[in-house]
1. Could you work out the Kirkwood radius for region 164-263, taking every pair of different alpha carbons, averaging 1/r and inverting it, reported in Å?
2. Given labels modelled 7 Å from the Cα in the Cβ direction, how far is it in nm from Asp331 to Trp377?
3. If you place +1 on the Cβ of every Lys and Arg, -1 on the Cβ of every Asp and Glu, and leave all else neutral, what size is the dipole of the chain about its Cα centre, to the nearest 20 Debye?
4. What does the extension gain come out to for Met56 and Lys212, with contour length at 0.36 nm per residue minus their alpha carbon separation?
5. Relative contact order of the chain, please, whole-number percent, based on alpha carbon pairs below 8 angstrom and at least 6 residues apart.
6. In 5 Å bins starting at 0, how do the alpha-carbon pair distances of region 352-511 split up by percent?
7. Tell me what the chain gives for mean residue ellipticity at 222 nm when only DSSP H runs of n ≥ 4 count, each as -39,500 (n - 2.57), the sum divided by the residue total, rounded to 500 deg cm²/dmol.
8. Quick one: Cα convex hull volume of region 229-320, Å³ per residue?
Amino acid sequence: MSQDREYIDQEIAQIRFIYETLYPETPVETHMWWEKAKLPTPAVQPQDMSYGAEMMALTYIGNLRTGPQETPALPGKRVFVTIPSPRQVAVRESAGGVPWHKRPRKYRAIHALSPILAEQMKYQIEARRWRKLPARHKFSRLACSRGIFETQKMAPEGRHGGKDPAILIGLHWLDVGGAESLGIDSIQWALDAGLRVFVMVGQEGPERLLAKLPDDPRLQLIRTDRYLPRSQTSGFVSQLIAQENIILTHNHHCVPLYDALPTIKLRHPHVVNLDSTHIVEYADGGYPRISGVWSNFIDHHHVISGDLERFYKERFRVYGSKLVLGRLLDDSRRGADVAPVRIKAGQKRCRVAFVGRMVHQKRPVVALSIIRRLRAWGKRNGVEFRFDMVGEGPYRGAVEHLLTRYRLTDVVHLHAAGTDVPALLGESDILLVPSSNEGLALVCYEAIEAGCVPICSEVGAQAEICPPETLVAWSPLQAVRDSVTVVQRLLREEGFAEGVETSQRARMQALQDEPSAREVLDRLYRDALAAAKTAPQSQSQSQSETETPRPAAKRKTKGKAPA
């Protein structure tokens with residue numbers, strides 16, 4: 001019970017910080033429930049004197065009053081929030097099951113007949129969406145009137161009382177992903193640059209990355225995803241900027257932070273706004289499209305691939321220093337030797353890995369179809385295969401179900417998301433990446449460095465790291481056939497593995513010759529910090545100039561002198 005009490009106290013401190021920041025001079029009465037409330041939460045309403053039966057619920061924790069005393073002349077706000085228990089958060093992380101059980105009956109019938117045919121159906125839907133994407137979604141920048149921003153300019157120091165400069169970093173959520181991984185790294189780089197760091201999360205979900213946040217007193221995670229209505233985010237961000245001397249925002253796929261950009265630009269034009277994007281989605285363009293639409297409100301777009309560079313230039317006409325390329329490279333391994341490819345023609349044992357979240361984008365069902373065919377081929381040709389699948393997510397239960405259905409449980413080993421992936425790749429010959437979409441998969445960097453051969457769908461920017469010999473079709477049926485063919489060539493064809501190794505090394509070297517994400521982001525952070533340090537001096541000079549008394553202009557009058 002003491003642990004629950006400590007946890008609740010921590011959550012109440014989060015709630016208090018959010019609403020004291022949002023309404024610094026307004027009476028606020030916050031009502032809290034444990035796990036489940038009868039009202040939609042979070043919610044903010046005008047304060048009144050009536051209370052409903054929901055206050056009598058057994059899950060009702062109590063209320064918290066902040067701000068000045070409420071008076072008829074100063075009406076307050078009433079806030080409703082639900083505090084999730086640690087059990088609820090753990091359930092999110094272990095969510096599983098077979099995700100197609102709730103799909104239409106026709107889809108379930110096709111899946112029962114052949115899971116790979118069901119994947120082929122999804123691909124055809126995605127391909128049609130991709131073709132119609134420009135007609136269905138906006139691909140032009142929102143207008144941004146700089147003149148308004150100049151006339152409404154606020155003092156950079158706001159009301160923060162001399163606090164050290166800070167950055168606001170927005171994450172999509174705290175689950176495992178490429179954008180989130182870069183976001184966690186960005187937090188540490190900002191701390192290293194000398195900035196205080198505030199982190200907001202756009203969406204609730206599994207929180208596997210929560211423990212990876214740096215343990216630093218200058219870092220504060222703000223649970224806007226739990227305790228703040230989406231409609232209030234822009235106002236909160238504006239108040240936070242003024243209160244905490246935020247000079248920089250960095251968006252990693254956080255929609256509420258994108259939505260706050262007009263407020264930031266209008267009320268705090270001294271703030272530098274940048275974002276990082278990774279992958280163009282087939283359905284609606286994803287975060288790069290959102291970013292491009294908001295481009296006139298963003299000072300720098302950081303991209304991880306040349307494919308995304310072309311996307312911004314062709315779709316949104318973004319050029320010059322505003323667009324910065326920074327590769328997802330580990331600077332500590334820059335120039336390190338790449339392990340030689342392990343697989344050789346004629347070997348009789350082969351270890352194959354699949355690493356990725358168990359979601360449709362990574363297509364674990366397609367990977368299982370490849371594994372099934374490889375095992376059958378191996379039995380006929382005297383090759384012993386071992387397969388490792390790393391990852392968790394909604395398709396985990398489906399994968400377990402299909403392993404039993406395909407009778408693969410004896411050769412396929414499932415691993416949790418926290419597995420040491422570099423160590424596993426260091427013992428593997430082949431990595432399967434049959435994704436429906438990718439930006440530029442970080443696991444491919446790790447595989448090549450470890451001497452493993454990634455076989456990837458030709459989607460996103462995968463061609464920038466994988467040679468054409470190891471790229472397979474986007475179509476699931478063709479991807480299965482192509483992947484099996486590539487493995488057969490690696491195990492049978494003399495010189496093929498060596499040619500793949502040469503091509504992989506050349507691409508890896510070309511990537512290492514370009515700036516890393518850390519290099520470009522660290523420069524942007526330090527430039528903003530240097531500008532903030534000189535801003536007060538320049539501002540005081542301009543203020544003294546405007547306050548210099550001027551001689552009164554002589555007025556020409558007729559008749560009586562003015563009173």
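1. 13.4 Å
2. 4.2 nm
3. 2240 debye
4. 52.3 nm
5. So the answer I get is 14 percent.
6. 2, 9, 20, 24, 23, 15, 6, 2, 0
7. Taken over the chain, the calculation gives -13000 deg cm²/dmol.
8. 98 Å³
The values are calculated or read from the model by the stated rules, or taken from the named source; none is laboratory data. Bear in mind that the values here come from a model prediction, so they are computed numbers and not experimental data. Here Cβ is always computed from backbone atoms with ideal geometry, including for glycine, and neighbour counts include all displayed protein chains. To get the accessible areas, we keep the full protein, side chains included, count just its heavy atoms, and leave off ligands, DNA and RNA. Shrake-Rupley method; radii C 1.70, N 1.55, O 1.52, S 1.80 Å.
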